[in-house]
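Visitor: Starting off with a structure, shown below.
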Amino acid sequence: MEAYFDNSATTRVFDSVKDIVVKAMTEDYGNPSAKHRKGMEAEQYVRQAAARVAKTLKVKEKEILFTSGGTESNNMALIGTAMANHRAGKHIISTRIEHASVYNPLAFLEEQGFEVTYLSVDGDGHISLEELEAAIRPDTILVSIMYVNNEIGAVEPVEDIGALIRRKNPATLFHVDAIQAYGKFVIRPKKAMIDLLSVSAHKIHGPKGVGFLYIDERVKIRPLVYGGGQQRDLRSGTENVPGIAGLGVAAEEMYTGHQEKMEHITSLKDHMIDRMAGLEGVTVNSLKGNLSAPQVVSASFAGVRSEVLLHALEDKGIYVSSGSACSSNHPAISGTLKAVGVKKDLLDSTLRFSFGVFNTREEVDYCIDTL
């Protein structure tokens with residue numbers, strides 16, 4: 001048996017995604033900026049994908065900017081808005097459990113003279129709303145907080161955060177890294193007062209190398225890429241039409257029968273946590289049910305290095321992660337695990353199991369029996 005439990009790193013695409021990507025590559029392969037029929041056919045793929053994505057969020061199509069993925073979306077949200085709004089202030093707020101694609105742009109902005117306040121989290125990975133409220137100042141131009149933590153599955157109260165920011169300083173923009181949340185949660189940026197939202201296609205059974213950034217139409221933002229003026233001058237360069245088409249289909253499919261899909265994935269998470277309770281020396285760092293994201297189980301294994309256990313499971317056809325595969329192949333102790341208070345001797349003994357729509361209960365049992 002084979003069990004792929006690394007869906008938070010990447011997912012197998014839906015068949016419908018594969019089909020439209022191939023069609024856009026081999027049949028409707030025109031440049032969407034071209035004025036002839038082939039170009040117009042390609043442009044239609046981009047427009048249709050924008051419509052599909054916008055529908056899942058209940059936002060306007062023109063508020064969807066296609067990117068190369070989550071990292072670019074986060075970079076543009078942070079650097080683009082900071083540079084466009086720096087005259088209003090140079091203070092930014094984030095947390096101690098963000099992904100590297102948020103941390104590193106923030107480090108760059110600090111080098112440019114911006115000040116960043118990093119909020120702490122509790123043992124479950126949740127920020128304090130009181131700490132956030134105290135941190136917001138008249139010169140705070142941006143708050144960036146992830147919706148779902150990619151390592152332990154902690155879910156931040158984004159609607160409460162959005163309301164708090166709007167109440168404390170209506171001029172402060174709210175960016176949400178939703179890369180592990182989109183497709184798993186019903187997200188309404190307008191209702192949650194989210195100004196910018198980052199998404200990656202390959203986390204929702206779409207293609208790699210494509211994503212989008214939702215940008216509320218009132219937000220001032222500066223491009224990172226300059227050139228021919230595609231996508232309303234916000235991101236120049238010929239659009240990745242096959243990838244964008246695949247993203248649109250993946251988004252639509254994830255939100256079709258969405259509740260059933262999430263109930264299935266959550267049941268797998270809960271079953272794994274229940275079965276891990278019977279294993280000696282195992283500490284589960286994720287919560288059951290709706291208290292954490294449906295797709296992530298983080299567990300620490302006393303006395304075993306994570307890399308050793310990862311390869312032992314791999315030999316049995318079980319694929320998991322020892323951290324965030326989105327960062328690099330170079331091992332490093334997780335800042336998230338430190339922030340939530342995982343014991344020092346378990347920091348290098350922690351694995352992440354993450355589920356997708358194709359996983360089964362039998363695969364979970366096979367994995368636990370192997371452990």
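Visitor: Less than 13 Å Cβ to Cβ from Arg87, Lys/Arg counted +1 and Asp/Glu -1: what total charge do the surrounding residues give?
Guide: That works out to +2.
Visitor: Where both residues lie in the chain, what percent of DSSP beta bridges are antiparallel, nearest 5?
Guide: Around 55 percent antiparallel, to the nearest 5.
Visitor: Ok, one more. Using Cα-Cα distances under 8 Å and only pairs 6 or more residues apart, what relative contact order does the stretch 15-255 have, in percent?
Guide: Relative contact order comes out at 28 percent.
Visitor: Tell me what the chain gives for mean residue ellipticity at 222 nm when only DSSP H runs of n ≥ 4 count, each as -39,500 (n - 2.57), the sum divided by the residue total, rounded to 500 deg cm²/dmol.
Guide: Estimated from H runs of four or more residues: -11000 deg cm²/dmol.
Visitor: What net charge do the residues around Leu109 carry, taking every other residue with its C-beta under 10 Å from that of Leu109, with Lys and Arg at +1 and Asp and Glu at -1?
Guide: Overall, the nearby charge balance is -2.
Visitor: Now, a different point. About its Cα centre, how strong a charge dipole does the stretch 15-255 have in debye, to the nearest 20, once Lys and Arg get +1 and Asp and Glu get -1 at the Cβ?
Guide: In total the dipole reaches around 940 debye.
Visitor: Something else: Leaving ligands, DNA and RNA out of it, report the carbon-plus-sulfur percent of the accessible area of the chain at a 1.4 Å probe.
Guide: Summing carbon and sulfur atoms, their accessible area is 51 percent of the total for the chain.
Visitor: A further question on this structure: Over the Cα atoms of the chain, each weighted equally, I'd like the Debye log10 I(q)/I(0) at q = 0.12 Å⁻¹, rounded to two decimals.
Guide: Taking Cα atoms of the chain as identical point scatterers yields -0.90.
Visitor: Compare Gln112, Gln231, Gln259 in a GNM of the chain, Cα atoms joined below 10 Å, and give the one with the largest fluctuation.
Guide: Checking each option, the largest mean-square fluctuation is seen for Gln112.
Visitor: By the gyration tensor of its Cα atoms, with a ≥ b ≥ c the square roots of the eigenvalues, what is the shape of the stretch 138-293: rounded for a/c under 1.5, prolate for a/b over b/c, or oblate?
Guide: It is oblate, given that a/c is not under 1.5 and a/b is not larger than b/c.
Visitor: Find out how many positive minus negative residues lie around Ser16, taking Lys and Arg as positive, Asp and Glu as negative, among other residues whose Cβ is under 9 Å from that of Ser16.
Guide: Within the 9 Å Cβ shell, the charges total -3.
Visitor: Here is a further query. Please find the FRET efficiency linking Ser128 to Glu217, where r is the Cβ-Cβ separation and R0 is fixed at 35 Å, and quote it to the nearest 0.05.
Guide: 0.65
Visitor: On to the next question. If you count only protein heavy atoms and use a 1.4 Å probe, how large is the accessible surface of Arg52, to the nearest 10 Å²?
Guide: 50 Å²
Visitor: Simple spin-label model, 7 Å along Cα-to-Cβ: Lys316 to Glu2 in nm?
Guide: 1.8 nm
Visitor: A further question on this structure: Over the chain, with the other protein chains present, what is the accessible area per residue in square angstrom, probe 1.4 angstrom?
Guide: 43 Å²
Visitor: Moving on to the next point. In nm, what is the difference between 0.36 nm times the number of residues separating Thr283 and Lys18 and their Cα-Cα distance?
Guide: Extra length from Thr283 to Lys18 when fully extended: 91.6 nm.
Visitor: Something else about it: Which entries in Lys90/Lys208; Lys18/Lys191; Lys190/Lys220; Lys55/Lys190; Lys261/Lys338; Lys168/Lys220 show an alpha-carbon gap greater than 22 Å?
Guide: Lys90/Lys208; Lys18/Lys191; Lys261/Lys338
Visitor: Let me ask something additional. For the pair Tyr29 and Arg305, how long in nm is the line joining their label points, each one 7 Å along Cα→Cβ?
Guide: Output for this residue pair reads 4.7 nm.
The values are calculated or read from the model by the stated rules, or taken from the named source; none is laboratory data. Given the structure is predicted, the values throughout are model-derived calculations rather than measurements. Please note: Cβ atoms are built from the backbone with ideal geometry, for glycine as well, and neighbour counts cover all protein chains shown. Side chains included, ligands, DNA and RNA excluded: accessible areas come from the protein's heavy atoms. Shrake-Rupley method; radii C 1.70, N 1.55, O 1.52, S 1.80 Å.
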